[in-house]
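What follows is a set of notes on a single structure, which appears directly below.
The values are calculated or read from the model by the stated rules, or taken from the named source; none is laboratory data. What you see is a predicted model, and the numbers here were worked out from it, not measured in a lab. Every residue, glycine among them, receives a Cβ derived from its backbone with ideal geometry; neighbour counts consider all protein chains shown.
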Amino acid sequence: MSKDIQSLINLLDDPDEGIFGHVRNELKTIGSEVIPSLEFHWERNRTNPIFQNRIEELIHEIQIENIKIELTAWNEQPTPSLAEGISIISRLEYPEVTKEYVDEAIREFSKEIWLELNDQLTALEKVRIINHFLFDVHGFSGNSDDYHAVVNNFPHVVMQQKTGNPLSLSIIYILIAERLELPIYGINLPRHFIVAYVDEFFQENNGEMQPILFYINPFSSGGVFGKQELIDFLERINIDYKESFASPCDNRSIVRRMLNNLIFSLSREGRHDDAAELKELQNVLTE
């Protein structure tokens with residue numbers, strides 16, 4: 001720890017708000033590399049709650065700024081990685097989560113499924129194998145009892161607790177399919193999120209979209225259904241059908257929805273300041 005950084009940190013408990021504001025801005029300018037030093041001083045000053053509180057707030061401000069920078073860079077990529085995008089959002093609550101962490105967890109789930117797959121299987125048979133391992137063997141399920149809980153929005157937590165909301169379960173399904181090189185993509189349906197299996201053997205002409213063979217609902221143990229059932233669902237919730245509702249969405253749309261869901265869950269749990277803070281990140285992912 002440099003003497004300059006140590007001197008600045010020591011001034012965080014200065015009663016003069018002007019001095020404190022200047023010191024805070026100086027430390028924020030240094031960025032994430034100052035966080036270990038701030039954590040060290042937090043541990044050394046357990047009897048000074050004001051000092052500790054200022055350190056906690058400063059660390060949080062630095063982390064939010066870093067996430068904004070990372071999310072901006074991710075959004076500017078031509079084809080941004082879904083695993084990277086969800087790991088960036090996850091660091092809002094779990095700073096230790098990285099893309100590598102998510103990739104490793106997905107790799108473990110994919111290994112046993114891969115052993116059962118072969119090229120002679122139909123698309124439906126492949127999905128049945130995925131469903132068997134995820135929902136029968138590992139016991140994944142939709143969290144109907146606490147549907148809007150904040151933790152349901154983080155796929156890495158859902159992989160541990162084996163229950164989550166439609167989006168987080170669909171993200172896990174998509175990442176496993178991606179690992180297995182299966183053409184399964186997200187469907188950004190209003191009030192629900194599902195996935196679809198597209199025809200991998202379709203011969204593309206003039207940029208025509210690959211036709212969808214069937215839809216899958218990971219929230220309901222991987223139930224398979226057709227387009228008409230999707231249209232019927234929209235009618236039941238009084239939403240007019242649009243072709244975009246039934247078509248695969250990109251990774252930006254998935255991460256945008258993850259952020260929106262998280263903001264809703266935080267607000268519902270009374271964490272309005274945290275929700276307001278995240279709304280600033282929505283500007284990074286504007287359509």
Given the conditions (1) assigned by TED's automatic domain parsing to the domain that holds residue 251; (2) in a helix (DSSP H, G or I); (3) without any contact (Cβ under 8 Å) to a residue 60 or more places away in the chain, and given that residue 53 satisfies all but one, which numbered condition is not satisfied? (1)
Which numbered condition residue 238 fails, given (1) outside any helix (DSSP H, G or I); (2) touching an Asp or Glu at 6+ places or on another chain (Cβ under 9 Å): (2)
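Scanning for something under 30 Å from residue 99 (Cα atoms), of a type in the set (Ser, Thr, Tyr) and without any contact (Cβ under 8 Å) to a residue 24 or more places away in the chain, does the stretch 61-75 turn up at least one residue? Before you say what the answer is, go through the steps one by one.
Taking the stretch 61-75 first, the residues under 30 Å from residue 99 (Cα atoms) are 61-75.
After this cut, where a residue has to be of a type in the set (Ser, Thr, Tyr) as well, the list is 72.
Still in the running and without any contact (Cβ under 8 Å) to a residue 24 or more places away in the chain: none.
No; the residues of the stretch 61-75 include none that is under 30 Å from residue 99 (Cα atoms), of a type in the set (Ser, Thr, Tyr) and without any contact (Cβ under 8 Å) to a residue 24 or more places away in the chain.
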Report every pair of residues separated by at least 6 positions or lying on different chains whose Cβ atoms are under 9 Å apart, first residue within the stretch 121-150 and more than 30 Å from residue 259 (Cβ to Cβ), second at pLDDT 95 or above and of a type in the set (Phe, Trp, Tyr). 123/197; 123/214; 124/197; 124/214; 126/197
Can you name the condition, by its number, that residue 96 falls short on among (1) at pLDDT below 80; (2) in a loop (DSSP other than H, G, I, E, B); (3) not aliphatic (A, V, I, L, M)? (1)
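Within the group 89, 176, which residue is in contact with a Leu (Cβ under 8 Å, 6 or more places away or on another chain) and not assigned by TED's automatic domain parsing to the domain that holds residue 248? Break it down into steps so the answer makes sense when it comes.
On the way: 176 fails: not assigned by TED's automatic domain parsing to the domain that holds residue 248.
Being in contact with a Leu (Cβ under 8 Å, 6 or more places away or on another chain) and not assigned by TED's automatic domain parsing to the domain that holds residue 248 holds for just one of 89, 176, which is 89.
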For residue 117, all conditions in the list (1) within 21 Å of residue 243 (Cβ to Cβ); (2) assigned to a loop (DSSP other than H, G, I, E, B) hold save one; what is the number of the exception? (1)
If a residue counts only when it is under 18 Å from the mean Cα position of the chain (by Cα) and of a type outside the set (Asp, Glu), which helices (runs of 4 or more DSSP H) contained entirely in the stretch 123-221 have at least 1 such residues? 155-161, 166-179
